[in-house]
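Q: Please read through the structure below; I'll follow up with questions.
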Amino acid sequence: MRLYPNRILRKKAARASRRDAEELYGKLVAEMINYEGIGLAAPQVGIDKSIAVISDKYFDNLDRPLLLLNPRVVKKSGSQSIEEACLSVKGVSRKIKRALQIEVETGPDDDRKIIEASGLLAIVMQHEIDHLNGIVFVDRAPFPARCWLRLKAKINKKKKESESGCD
Ligand SMILES: [Zn+2]
């Protein structure tokens with residue numbers, strides 16, 4: 001897992017092809033299950049491609065993990081917030097204001113589709129799409145909380161590295 005402030009979490013992910021999706025979907029789903037995430041974006045595991053997956057475990061309307069391929073929010077309305085956390089931002093959480101309902105365009109270039117989502121699924125989709133644009137959830141916190149959360153995440157990453165270091 002790449003941890004904030006790793007640079008890959010800060011860049012816009014490269015456009016992905018249908019073939020990239022076929023190669024990476026299973027791998028990303030396996031990583032997501034392994035880390036017990038509700039969603040996972042490719043850059044979080046070091047892959048510079050605009051692909052993310054969302055677990056079907058928490059959503060009755062999904063019959064398998066959802067694939068987002070070069071996703072783009074095309075419409076949003078309303079607002080909601082829940083306490084968010086992220087596998088890549090160590091040991092911090094914070095309520096983040098998000099749209100309540102969204103429409104997301106996703107898919108390979110020759111087969112783009114619109115997915116509508118609301119509630120928790122809309123939050124997770126916005127969180128993962130942010131990752132593909134180089135944004136982590138703490139960036140959306142207001143000042144000065146934003147700075148404090150970033151600092152804490154950096155300290156937590158250092159702590160984790162010094163615990164697991166063997167030299
Ligand atoms: Zn995240």
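The values are calculated or read from the model by the stated rules, or taken from the named source; none is laboratory data. Everything quoted here is computed from the prediction, not taken from an experiment. Using ideal geometry, Cβ is built from the backbone for each residue, glycine included, and neighbour counts are taken over all protein chains shown. Ligands, DNA and RNA are stripped out before the accessible areas are found, and what is left, the full protein with its side chains, is counted by its heavy atoms. Shrake-Rupley method; radii C 1.70, N 1.55, O 1.52, S 1.80 Å.
Q: If I filter the stretch 74-93 for residues that are within 16 Å of the chain's Cα centre (by Cα), away from the ligand (no atom under 16 Å from the Cβ) and of a type in the set (A, V, I, L, M), do I get at least one hit?
A: Scanning the stretch 74-93 turns up no residue that is within 16 Å of the chain's Cα centre (by Cα), away from the ligand (no atom under 16 Å from the Cβ) and of a type in the set (A, V, I, L, M).
Quick grid of which residues meet (1) open to solvent by less than 100 Å² (accessible area, probe 1.4 Å); (2) in contact with a Leu (Cβ under 8 Å, 6 or more places away or on another chain); (3) within 26 Å of Arg112 (Cβ to Cβ):
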| residue | (1), (2), (3) |
| --- | --- |
| Arg2 | yes, yes, no |
| Lys11 | yes, no, yes |
| Arg19 | no, no, yes |
| Leu24 | yes, no, yes |
| Ala30 | yes, no, no |
| Ile38 | yes, no, yes |
| Pro43 | yes, yes, yes |
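Q: Same structure again: Scanning for something in a loop (DSSP other than H, G, I, E, B), touching a Gly at 6+ places or on another chain (Cβ under 7 Å) and either at pLDDT below 95 or open to solvent by 60 Å² or more (accessible area, probe 1.4 Å) (or both), does the stretch 95-113 turn up at least one residue?
A: yes
Q: Related question: Out of all the residues in the stretch 31-68, which are among the polar types (S, T, N, Q) and touching a residue at least 40 places away in the same chain (Cβ under 8 Å)?
A: Answer for the stretch 31-68, where residues must be among the polar types (S, T, N, Q) and touching a residue at least 40 places away in the same chain (Cβ under 8 Å): Gln44, Ser50, Asn61.
Q: Next up: Tally time: how many residues in the stretch 114-167 are among the polar types (S, T, N, Q) and open to solvent by 60 Å² or more (accessible area, probe 1.4 Å)?
A: 4
Q: Another question, if that's okay. Taking only the stretch 38-72 into account, find how many residues are in a strand (DSSP E or B), more than 16 Å from the ligand (Cβ to nearest atom) and in contact with a helix residue (DSSP H, G or I) (Cβ under 7 Å, 6 or more places away or on another chain).
A: Result for the stretch 38-72: 2.
Q: Moving on to the next point. If you check Glu84 against the conditions, is it on the phi < 0 side of the Ramachandran plot, acidic (Asp, Glu) and surrounded by 14 or more Cβ atoms within 10 Å (Cβ to Cβ)? Show your work before the answer.
A: Working: on the phi < 0 side of the Ramachandran plot: yes; acidic (Asp, Glu): yes; surrounded by 14 or more Cβ atoms within 10 Å (Cβ to Cβ): yes.
For Glu84, the condition - on the phi < 0 side of the Ramachandran plot, acidic (Asp, Glu) and surrounded by 14 or more Cβ atoms within 10 Å (Cβ to Cβ) - is met.
Q: In addition: Considering only residues that are open to solvent by 60 Å² or more (accessible area, probe 1.4 Å) and either among the polar types (S, T, N, Q) or closer than 19 Å to Tyr4 by Cβ (or both), which ones fall in the stretch 72-81?
A: Ser79, the sole residue that qualifies.
Q: Still on this structure, please answer the following. Away from the ligand (no atom under 14 Å from the Cβ), assigned to a helix (DSSP H, G or I) and at pLDDT 95 or above, is that true of Ala117?
A: Criteria not met by Ala117.
Q: Of all residues being part of a loop (DSSP other than H, G, I, E, B) and of a type in the set (Gly, Ala, Ser) in the stretch 1-21, which is farthest from Val92 (Cα to Cα)? Just the residue, please.
A: By that ranking, first place goes to Ser17.
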